[in-house]
Structure formats: structure tokens, C-alpha cells
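Below is one structure, written out as C-alpha cells; the observations come after it.
Every number here is computed from the coordinates shown, using simple stated rules; none is lab data. Model, not experiment: these values are computed from the prediction. Here Cβ is always computed from backbone atoms with ideal geometry, including for glycine, and neighbour counts include all displayed protein chains.
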Ligand SMILES: [Zn+2]
């Protein structure tokens with residue numbers, strides 16, 4: 001099989017629902033990761049969330065999100081690992097904050113200290129966000145999260161899919177949606193790219209393969225991978241070098257951190273099958 005390793009996708013147990021997938025063929029690239037970039041994440045939650053869920057239940061759900069994200073990173077051969085830095089409850093956070101991500105970040109700075117928020121925003125590989133109780137009660141829309149790509153900041157709903165956190169973190173690395181979704185919401189690729197101060201790479205888009213989407217896509221049925229031509233599913237490539245290689249976006253980011261000797265941590269390969 002040369003450089004490719006053939007894997008039976010049926011062996012993958014998805015952390016989201018512990019659903020065991022069928023015996024479809026999933027081919028991942030040969031990958032020998034020795035050094036990974038650690039990306040610690042701090043979660044801020046409304047104190048009122050305790051009325052709906054126990055703190056241990058909330059922590060285990062967040063750890064499940066991180067675990068799913070690490071599976072996606074590992075399957076995509078990206079030398080990066082998500083870790084839990086802290087979970088902090090803030091009395092003043094309420095659902096009204098989630099009407100606008102920039103306002104939410106400003107309010108967070110007001111209550112926990114703008115210097116701390118600035119420090120988190122300026123970090124090279126550290127992320128922070130607010131978890132709200134329910135996507136429906138907050139945005140009152142189909143959105144389950146948002147990302148502020150210039151400030152390492154995200155918002156997600158506790159009741160969203162496990163893949164949602166990694167999707168928002170992908171945005172913070174400037175990984176983008178599939179082109180069909182961009183055309184639908186932004187009008188065109190040109191308008192989409194013009195909306196960024198820091199332009200995303202032209203290959204920073206999600207993909208589909210054999211009818212299933214990669215993690216940055218808007219497909220309901222998703223595979224635990226970033227788009228990349230190095231992965232195929234049921235004989236169909238899950239990306240291409242020209243406009244669907246989000247894995248390269250994240251790999252390049254990780255390599256830039258590693259080469260700068262920042263946030264280096266040696267860990268075993270976390271790939272799960
Ligand atoms: Zn998105």
C-alpha cells in the first residue's frame with residue numbers, strides 16, 4: 001500500500017455518541033508525529049449553568065469535545081493537541097451576551113479583566129471561549145457557535161455536537177467552510193475573501209467525499225477529519241491541493257510554532273482507530 005495505510009473505518013468509535021460506524025473503507029496518510037503543539041483552551045461559563053447541569057457533567061462534556069478534536073487532528077496528521085487549561089464560571093455571563101461575539105468578548109474583559117483577555121487574545125497557540133447553555137436560547141438560530149479569528153476567541157453551545165468546538169477552533173486557524181456554503185452565505189468567494197483582513201489561504205476550504213463532509217463543512221453527516229487530498233473515504237478523495245486542504249492550513253501553523261521552539265511538547269501519537 002506504499003505510503004498509505006489502509007484502515008477499516010468501522011473500527012473508529014466516535015466520541016460524540018459512541019456510534020460505531022459501518023465497515024466503510026477509510027484511508028489515512030502515513031503519519032509519524034513525534035512533536036506536537038499543545039493548544040490549551042480556557043472555557044468561561046455562566047454561573048447559572050449550574051442550575052441545568054452539574055459541574056462534573058459539564059467538565060466531562062468539554063473533555064469529550066477535546067477528545068473528539070484530538071481524534072480529528074490525529075486522523076488528519078496534524079501535529080497539534082487540544083488540552084483543557086481551565087473551566088471558569090462567571091456570575092455575570094447571561095444569554096443576552098451571545099447576540100454578538102465581539103460584544104461578548106468585550107463584556108468578558110469587563111468582568112474578568114481586559115488585561116487577561118488581551119493576553120489570551122495575543123497568545124500564539126492558546127484559545128478561550130464562552131460556553132452558553134443552549135444554542136437555541138442564545139442565538140435563536142441554527143448556529144451552534146462562532147469564532148473571532150483575530151482574537152483566539154470562540155463561543156459554543158453546550159448542547160451542540162461534539163465536533164462543534166473543533167470546527168470553531170479550525171476557524172481560529174483560518175480553516176474555512178466548503179465553497180458551496182461560502183457561496184450561499186457570503187455571495188461569492190471573492191466577497192468572502194474580501195471580508196478578511198488577514199486573507200485565508202486559497203486551499204483553506206472544507207470538502208466532501210462519498211457524500212460525507214469534512215469537519216469544516218456544513219454537511220450534516222461528517223467524517224472526523226480536516227479536508228486533505230491525502231485522505232480518502234470509499235475511494236473518494238477528501239480534498240484537493242487547490243481549494244480543499246484545511247489540514248495543510250493547520251499543519252503549517254503547527255510547524256511554524258514548532259520551528260519557533262514555542263509550545264513544544266512531546267506526546268505519543270493520539271490517533272484513534
Ligand atoms: Zn463555521
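Could you give the distance between the Cα centres of the stretch 59-77 and the stretch 87-137, to the whole Å? Each part's Cα centre sits 22 Å from the other's.
Over the stretch 4-262, what is the relative contact order in whole percent, taking alpha-carbon pairs under 8 Å and six or more residues apart?
Working: 513 pairs, mean separation 47.7, N = 259.
Across the stretch 4-262, relative contact order equals 18 percent.
Set the Förster distance to 35 Å, then compute FRET efficiency between residue 34 and residue 234 from the Cβ-Cβ distance, nearest 0.05. Once the sixth-power term is evaluated, E becomes 0.70.
Just subtract the alpha-carbon distance of residue 199 and residue 90 from 0.36 nm times their residue separation and send over the number in nm, one decimal.
Working: separation 109, 0.36 × 109 = 39.24 nm, distance 3.40 nm.
Length difference between fully extended and current span is 35.8 nm.
On the basis of the beta-carbon distance and an R0 of 30 Å, residue 183 and residue 100 show a calculated FRET efficiency of 0.75.
Which percentage, to the nearest 5, of the DSSP beta bridges contained in the stretch 4-262 is antiparallel?
45 percent
Cut-off 20 Å, label point 7 angstrom out along Cα-to-Cβ of residue 59: give me the residues of the stretch 83-102 whose amide nitrogen falls inside. It comes to 83-91, nothing else.
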